[in-house]
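Visitor: Below: one structure in structure tokens.
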Amino acid sequence: MHAHHPSSLEEIKQTIRDLELRVTPARIALVQHLQNTELPQSIDQMTIALSHVGMDKATVYRNIVILQAKNLVRQVDLHRDHAYYEWNDKTDHHHLICTRCNYIEDFTGCDFKALEKAALKQAPGFSHVVEHSFELFGVCRKCAEKGV
């Protein structure tokens, strides 16, 4: 797993203020939750985790959209029926996902520079890449051993 460096309460409040949002206990709890969670979270998972601060599904979603627009949260495509999100800790990490049981592990490094160069060479209509997302899908050892 990649190492998250959760921010202090003051840093979290500043992050929220920098977005020109009101600092509320619910927003603080959402940022803390995202920073402290190892794996990408669905809106439903976050809503359950944050029910104690009175954040309903619509509020979680609205705040995630704002955080994502500011590049503080990134959406991860796990090939499921709904989106998953994680705190953007700015490390170049990616996910390996079991297609049978949905187990997830992180890995780092995808030789992005070489990939970007090759992609731009093949797509002359593009000038540069601003972000990338890279997930690998496979079968975890447990499922392979079970022969599932």
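Visitor: Summing Lys, Arg as +1 and Asp, Glu as -1, what charge do residues with Cβ under 14 Å from the Cβ of S127 carry, S127 excluded?
Guide: With Lys, Arg at +1 and Asp, Glu at -1, the net is +1.
Visitor: Next question. Taking DSSP loops as anything outside H, G, I, E and B, show the longest stretch in the chain free of chymotrypsin sites (Phe, Trp or Tyr not before Pro) there with at most 16 other beta carbons within 10 Å.
Guide: Numbers: sites that count: Y103, F126, F134.
The longest uninterrupted stretch comes out as 1-102.
Visitor: Which GluC sites (Glu not before Pro) from the range 84-148 combine a DSSP loop assignment with at most 15 other Cβ atoms within 10 Å?
Guide: E131
Visitor: Let me ask something else about it. Answer with one residue from Q35, S7, L136: the one whose Cα lies farthest towards the positive end of the charge dipole of the chain, charges on Cβ with Lys, Arg +1 and Asp, Glu -1.
Guide: L136
Visitor: On to the next question. Please give the length that would be gained between H128 and L96 if that part of the chain were fully extended, namely 0.36 nm times their separation in residues minus their C-alpha to C-alpha distance (nm, one decimal). Write out the running numbers ahead of the final one.
Guide: Values: separation 32, 0.36 × 32 = 11.52 nm, distance 2.62 nm.
Using 0.36 nm per residue and subtracting the Cα-Cα distance, I get 8.9 nm.
Visitor: Here's a follow-up. Of A69, F126, T99, which is farthest towards the positive pole of the range 36-148's charge dipole, taken about the Cα centre with +1 and -1 on the beta-carbons of Lys, Arg and Asp, Glu respectively?
Guide: Final value for the positive-end residue is F126.
Visitor: Over the chain, average the accessible area per residue using a 1.4 Å probe and give it in Å², no decimals.
Guide: 64 Å²
Visitor: First select every other residue whose beta carbon is under 13 angstrom from the beta carbon of D18; then total the charges, Lys and Arg +1, Asp and Glu -1.
Guide: Combined, the nearby Lys, Arg, Asp and Glu give +2.
Visitor: What are the lysines whose alpha-carbon lies under 28 Å from the alpha-carbon of K117, with same-chain residues fewer than 8 places away excluded?
Guide: Hits, sequence-local ones excluded: K70, K90.
Visitor: Cα axis of helix 9-18 to longest principal axis of the chain: angle in degrees, 0 to 90, nearest 10?
Guide: Approximately 80 degrees, to the nearest 10.
Visitor: Turning to a different aspect of this structure: Return, in residue-number order, each cysteine of the chain whose C-beta is not under 4.7 Å from any other cysteine's C-beta.
Guide: C101, C110, C143
Visitor: With everything on Cα atoms, drop me the angle between helix 112-122 and the longest principal axis of the chain, reported from 0 to 90° to the nearest 10.
Guide: It works out to around 70 degrees.
Visitor: So what are the chain's ellipsoid semi-axes, whole angstrom, largest first, if each one is the square root of 5 times an eigenvalue of the alpha-carbon gyration tensor?
Guide: Those come to 29, 23, 14 Å.
Visitor: Another question, then. What accessible area, in Å² to the nearest ten, does a 1.4 Å probe give for D18?
Guide: Its heavy atoms expose roughly 100 Å² to the probe.
Visitor: May I ask you to evaluate 6.51 cos²θ - 1.76 cosθ + 1.60, the Karplus curve with θ = phi - 60°, for each residue of the range 94-110 and list the ³J(HN,Hα) values in order in whole Hz, giving x for glycine and proline?
Guide: 9, 10, 10, 10, 6, 6, 9, 10, 6, 4, 10, 10, 8, 9, 10, x, 9
Visitor: How much net charge surrounds K70 when only the other residues with a Cβ under 14 Å from the Cβ of K70 are counted, with Lys and Arg +1 and Asp and Glu -1? List each step's numbers first, then the result.
Guide: Details: positive: R17, R27, R62, R74, K90; negative: D18, E20, E131.
Within the 14 Å Cβ shell, the charges total +2.
The values are calculated or read from the model by the stated rules, or taken from the named source; none is laboratory data. Quick caveat, the model's predicted, so the values are computed rather than measured. All Cβ positions, even for glycine, are placed from backbone atoms using ideal geometry, and neighbour counts span all protein chains on display. Each accessible area value is taken on the protein alone, full model and side chains, heavy atoms only, with ligands, DNA and RNA left out. Shrake-Rupley method; radii C 1.70, N 1.55, O 1.52, S 1.80 Å.
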